[in-house]
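Please read the structure below before turning to the comments.
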Amino acid sequence: MDKRTDSGHSGLIFENAVNIALNAGYMAAQGRIRIPDAKEFPITVQQWAEEFEIQYGEQIESEAGYIGLIDSFSEKNC
């Protein structure tokens with residue numbers, strides 16, 4: 001597949017968290033969402049990253065597939 005499989009579980013969670021946070025920042029900059037508590041938000045993103053990996057980790061077959069799934073997940077949860 002792609003380099004995701006070589007990252008190990010914690011690396012995958014980190015990758016997910018970064019992408020979810022980037023998506024949330026983009027949506028916040030557009031005024032589509034409001035991030036209510038800057039101290040709580042990183043904890044929430046970490047939880048979402050773990051949830052994403054549990055739900056979709058086994059389904060990801062390509063980088064494009066990953067991006068589509070993480071974007072959809074972010075839209076739904078943020």
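Rounded to the nearest 500 deg cm²/dmol, what is the calculated helix-only ellipticity per residue at 222 nm for the chain, with -39500 (n - 2.57) per DSSP H run of length n ≥ 4?
After summing the helix terms and dividing by residue count, I get -23000 deg cm²/dmol.
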Take the Cα atoms of the chain, find their three principal axes, and give me the spread along each one in whole Å, biggest first. 36, 21, 17
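Only the coordinates and a few stated rules stand behind these numbers; no lab work does. Since this is a predicted model, take the numbers as computed values, not measurements.
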